[in-house]
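Let me begin by presenting the structure, written as structure tokens, before commenting on it.
The values are calculated or read from the model by the stated rules, or taken from the named source; none is laboratory data. Because the structure is predicted, anything quoted here is derived from the model rather than measured. Please note: Cβ atoms are built from the backbone with ideal geometry, for glycine as well, and neighbour counts cover all protein chains shown.
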């Protein structure tokens, strides 16, 4: 007779040469159980599962630091994670580790065996937070922000109601339960709109659409829209994207720093270059961000970490989304500010008050160092993936550059992320009509660096009107040699290409970008990214250089708690 629930067997890490004692467990439907629990209170931490686009090593960092904090506080710490290539699954990280899938059935089976005093879901990204409801309904206590408050942040209608009560603006939009619903919302708020499935991971299937035809194509090809799988439709506001991570105990809200994205809103936060402290924000906007963050954290009864993303549009600050969990920027923010965010959040969910740890509500005094987080991409290894940046996340990692000035930090991050461009050669520029005015300044930077400019007809006409000498190139349907011929023949050394009508593989733009990947030609699809990288290259060419210095060798800022309490 098969058992209704599995037992847990120890992984033999010693290949039967001698008895294994490593607390690694896997499930099996047998009679004998090999799990040995202690007498201390125990807490289960849910990891983020396999590393993939949208959830990576950043959430493993958060899980590990939470486990360390739990053990420091005298708790028995248990991790559920199914990725053996992470620190959370090292033999000495947790008291016990279960190599099991992060789905409700397997997680609940483990919880029934462990009978923990609480479960932590906020450090494993969206995968872990999505399990909060099932864990709570099964009778286990969720430590930190409650399931009801998590749902208030993630349910569109409840969140909109909360923002109205708090008098905090957000882009207009709505939830579509059918194609007709989505069309009605888009017509009401006006194009362009940002569309996405609800409860997405890494911006999956998220897209900006500019007209009804594109919206209908999106609904037909990208998502399945039903009452159980609604689509969120929001007005796309062009502006500067800003981001905040905070630690809250429901009363005191500590904000280690504000991050400014280099790329304007519309590029997924995981694919954006983020700068801390912000370089182009006035004190009034910072103060408003702090005020909104504190209001939201208190209203949602956040106990632990919260991530909030904003857009600054025409001088107005709007909330894009609130994530009642850790974010991929928490490790970066913790390192540059010196605020041990996960440790503090873990102690908060165990009942400690931030005020008792020397913190008060507000923004921690800014560190004298500047940190730049830059995404890393693996397009050469991902076949048929468009390199164009947009709302759907595509980066596979990130790096951080730290220095005492912005240019040096940006340079270090750019080099580490592999954004280097040749110092001279031929640059191909082909941009959408909406980007043509902004592209002129970039082309002038390329000319100063010594590049020869090639462009397609529309872009070439615009550049010539500005007095720029351009060589015209043929599009794919205009004979040979065309753009692809030039790229494949090593005649192009840098490409600036922004999206026009779409990303389908048959489009010229898609084929240009894929050819660039195959030939190893730097290709920038965001003018904002191109701008900062060219600034770095210009600095290098004029003799500006800084040697890399490990973070540990910097003179560290004073105690973060003291800076926050000033």
task: Could you tell me which residue of region 467-512 is nearest to residue 431 (Cα to Cα), considering only residues that are within 28 Å of the chain's Cα centre (by Cα) and modelled with pLDDT of 90 or more?
output: 497
statement: Checked region 107-143 for anything touching a residue at least 24 places away in the same chain (Cβ under 8 Å), more than 17 Å from residue 34 (Cβ to Cβ) and in a helix (DSSP H, G or I); matches are 107, 108, 111, 125, 126, 127, 128, 129, 134, 135
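Go through 303, 394 for me and flag whichever is at pLDDT below 90 and in contact with a helix residue (DSSP H, G or I) (Cβ under 7 Å, 6 or more places away or on another chain).
394
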statement: Taking region 475-498 and keeping residues in a loop (DSSP other than H, G, I, E, B) and more than 12 Å from residue 523 (Cβ to Cβ) leaves 475, 479, 480, 481, 489, 490, 491
query: Of all the residues that make up region 35-87, how many are in contact with a strand residue (DSSP E or B) (Cβ under 8 Å, 6 or more places away or on another chain) and over 20 Å from residue 247 (Cβ atoms)?
result: 16
query: Can you name the residue in region 201-222 that is in a loop (DSSP other than H, G, I, E, B) and in contact with a helix residue (DSSP H, G or I) (Cβ under 8 Å, 6 or more places away or on another chain) and is also modelled with the lowest pLDDT among such residues?
result: 202
field: Matching entry among 535, 438 (being under 28 Å from the mean Cα position of the chain (by Cα) and more than 29 Å from residue 381 (Cα to Cα))
entry: 438
query: Given 427, 441, which one is surrounded by 15 or more Cβ atoms within 10 Å (Cβ to Cβ) and within 22 Å of residue 389 (Cα to Cα)?
result: 427
- request: Give region 165-189 a look and list any residue that's farther than 28 Å from residue 315 by Cα, in contact with a strand residue (DSSP E or B) (Cβ under 7 Å, 6 or more places away or on another chain) and part of a helix (DSSP H, G or I), or say none.
  value: 182
- prompt: What residue, of 95, 90, 31, is out of contact with any helix residue (DSSP H, G or I) (no Cβ under 7 Å at 6 or more places or on another chain) and without any contact (Cβ under 8 Å) to a residue 12 or more places away in the chain?
  reply: 90
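Would you check which residues across region 471-488 are touching a strand residue (DSSP E or B) at 6+ places or on another chain (Cβ under 8 Å) and in contact (Cβ under 8 Å) with a residue 24 or more places away in the chain and list them?
Applying the first criterion (touching a strand residue (DSSP E or B) at 6+ places or on another chain (Cβ under 8 Å)) to region 471-488 yields 471-476, 480-483, 486-487.
Within region 471-488, 473, 475, 476, 483, 486, 487 meet the criteria.
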query: Of all residues in region 116-127 being at pLDDT 95 or above and surrounded by fewer than 24 Cβ atoms within 10 Å (Cβ to Cβ), which is nearest to the chain's Cα centre (by Cα)?
result: 118
statement: Picking from 320, 305, the residue that is more than 17 Å from residue 123 (Cα to Cα) and not in a helix (DSSP H, G or I) would be 320
